[in-house]
Every structure is written in C-alpha cells, then in structure tokens.
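First the structure, in the form of structure tokens, and then the observations on it.
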Amino acid sequence: MSALALEVDQAMQRLDAVTASRLERLVRDAIALVQPISVADSADSQSIRFPLVQGVRPIATEEVARLQDEA
C-alpha cells in the first residue's frame, strides 16, 4: 500500500492547486465509501450515501460493452 501512497503523493506534487484539490477529494470520497458506517456516526456523517433502487436488475456485461461501443 505504501507504493500507492507514494504515487498519490507524487501526483499531488506535480498537479496545480485546483487539480490537486480535486484528486484529494476523490481519494477522501473513496476512503469514505469503503469505511463501515456505525449507527452513532450515521446521523452526523458526511459520507457518501447511495439510495437503494427497488425493482431494478443489475446491468449485464454485454450491456456495458454495448453502451461503451455506442459512446
């Protein structure tokens, strides 16, 4: 994992302030996304929340490939 931290640090040093800030926010959001949410934290947390959508099916690999071809 230290290799990843080093790569992020090196990227931050090369980027302009605005782009570095965006990268930092992405990394923080990614960390928040994988953190378990405890009941105590859920009320005041600013973590990302994705609502559950009822009545939908997962997208198939073939559909993803088709959409990428159309893009």
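The values are calculated or read from the model by the stated rules, or taken from the named source; none is laboratory data. The shown structure was predicted, so the numbers you read here are calculated from the model rather than taken from an experiment. Neighbour counts are summed over all protein chains in view; Cβ atoms, including those assigned to glycine, are modelled from backbone coordinates with ideal geometry.
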Problem - Test set (1) more than 18 Å from the chain's Cα centre (by Cα); (2) surrounded by 10 or more Cβ atoms within 10 Å (Cβ to Cβ); (3) modelled with pLDDT under 85 - Val56 fails condition number - result: (2)
Handout entry: Search result, residues across segment 20-45 that are modelled with pLDDT under 70 and in a helix (DSSP H, G or I)
Key = Val39, Ala40, Asp41, Ser42
